[in-house]
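Here's the structure, in structure tokens; my notes come after.
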Amino acid sequence: MTESTLTFENICDMLSVPKKTLILTHVNPDPDTIGSAFALKYLIRAVGSDARVVCDDVPGKRMMFLLGEQSDVSDDGSFDFERIISADVASEIQLGGLAKYIPQIEFMIDHHEMSEPFAPNYTDFNIGATGEIVYDIGIELIRRSVIEDLPLEFFECVYAAITSDTGSFKYSNVTAKTHLRAADIISRGVDTAEVCHKLFDCHPYSELLAKRLAIENMRWFCDNRICAALFTLDMLAENGLSESDISDSVSVMRSVDGVEIGIMVRQSEKDSTQFKVSSRANGGVDVSAVCAGFGGGGHKKAAGCTITSENETPEAVFEKVVSAFTDALLEYDNTVGAQNE
């Protein structure tokens, strides 16, 4: 199915019309999808309607402050919507169980290079976070006088989205405009230090236990250039952890000196035949291309996918994933070697 490409003006025109909106986010939610979605919720309320954000997974504890008065993001079917949109979702598989809504989705907003559109879409590959797009939409609707202003919570949410997906402004996807947007957000009174504290420096004890488990289960490949860990449901149960506790554990593998690719494979609590893969790159390998081979996607240096396997053990799935990333690393070596000859 070929989906239509929308312009920024198209998106602003559609969001200028008040409609009760269901906002979809991606599985294994990060602050960009959650922050962008809740910022859109505040924007839609400012236009004169209502919205609800839903996700197929529970957000990690560090993101719960972004939910405001909405206590959870489960889809109980009780919200009487007039329109459905998605925020920061790159492919159908990233919707999880929410993929049932695809025929009704009015449009999607995204910024992933390996995006596989499943609805009419506005996708900006040259931007650091979907939160930057949502910020621009809000500013444009103010400029058009569609709305007079936006609440502080809108700017708090987009800042959380931006600072997270840019690695606190240290990733290569940061542009001069990223900093200008952040500067404007700060000028509006957002306590950015507090936002960053909640996102990066305030960890439940269970998350610290999860990082310890990650360290204890690190495995090394390709002369220690790849570091990976497998989390099975049995491992989580034995350690009293949930899937959300380990959601950011891939950063542990990535942070080891000399590692070019960090990988985390975890068995899903909802479906033991599903395995969620998170990958991070420090070197030149495009991990989104590897994840795309499994139906996922993301960014060149941060990507994920979900693998369904009814007949393989967790160990077999893990080995298949590591093998794919190993092949990508060796292919990258050959390409660089050939260029240097």
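Each reported figure results from applying straightforward, stated rules to the coordinates on display, with no laboratory input. Every value quoted in this text rests on a predicted model; they were computed, and no experiment measured them. We place every Cβ from the backbone using ideal geometry, glycine too, and count neighbours over all the protein chains shown.
Numbers at a glance
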{"quantity": "DSSP bridge pairs, the chain: antiparallel proportion in percent, nearest 5", "calculated": "45"}
{"quantity": "Cysteines not pairable in the chain (beta carbon separation under 4.7 Å absent)", "calculated": "CYS12, CYS55, CYS157, CYS196, CYS202, CYS222, CYS227"}
{"quantity": "Rounded tilt (10° steps) of 314-340 against the dominant C-alpha axis of the chain", "calculated": "90"}
{"quantity": "Under Karplus coefficients 6.51, -1.76 and 1.60, residue-wise ³J(HN,Hα) of the stretch 246-260 in Hz, glycine/proline x", "calculated": "9, 4, 10, 5, 4, 5, 5, 5, 5, 6, 6, 4, x, 7, 9"}
{"quantity": "Crossing angle, helix 31-47 versus the chain [Cα axis fit, 0-90 degrees, rounded to tens]", "calculated": "10"}
{"quantity": "Debye, to nearest 20: dipole size of the chain, +1 on Lys, Arg Cβ, -1 on Asp, Glu Cβ", "calculated": "520"}
{"quantity": "Per-residue [θ]222 nm for the chain (sum of -39500 (n - 2.57) over DSSP H runs n ≥ 4, rounded to 500)", "calculated": "-11500 deg cm²/dmol"}
{"quantity": "Dimensionless Rg over Rh [the chain; C-alpha; Kirkwood]", "calculated": "0.96"}
{"quantity": "Charge tally in the Cβ shell below 12 Å around ASP184, where Lys, Arg are +1 and Asp, Glu are -1, ASP184 excluded", "calculated": "+1"}
{"quantity": "Fraction of alpha-carbon pairs over 14 Å apart in the stretch 1-60 - percent", "calculated": "61"}
{"quantity": "Selection from THR273, ALA289, ILE215, by position along the positive dipole direction of the stretch 205-340 (Cβ)", "calculated": "ALA289"}
{"quantity": "Sequence of LEU208, LEU329, LEU24 once ranked by neighbouring C-beta atoms within 10 Å, starting from the fewest", "calculated": "LEU208, LEU329, LEU24"}
{"quantity": "Sorted by Cβ density within 10 Å, fewest first, the residues SER187, SER268", "calculated": "SER187, SER268"}
{"quantity": "Angle in degrees between helix 176-187 and the longest Cα principal axis of the chain, rounded to the nearest 10", "calculated": "60"}
{"quantity": "Taking PHE294, PHE318, PHE125 and counting other C-beta atoms within 10 Å, the order from fewest to most", "calculated": "PHE125, PHE294, PHE318"}
{"quantity": "Calculated log₁₀ intensity ratio I(q)/I(0) where the Debye formula runs over C-alpha points of the stretch 287-341, q = 0.12, 0.16, 0.20, 0.31 Å⁻¹", "calculated": "-0.34, -0.55, -0.77, -1.17"}
{"quantity": "Viscosity 1.002 mPa s, 20 °C: Kirkwood-radius Stokes-Einstein D of the stretch 205-340 over Cα pairs, µm²/s", "calculated": "143"}
{"quantity": "For the stretch 8-201, alpha-carbon Rg relative to the globular expectation (2.2 N^0.38 Å, N residues)", "calculated": "0.93"}
{"quantity": "Rounded to 5, the percent of DSSP beta bridges in the stretch 205-340 classed as antiparallel", "calculated": "75"}
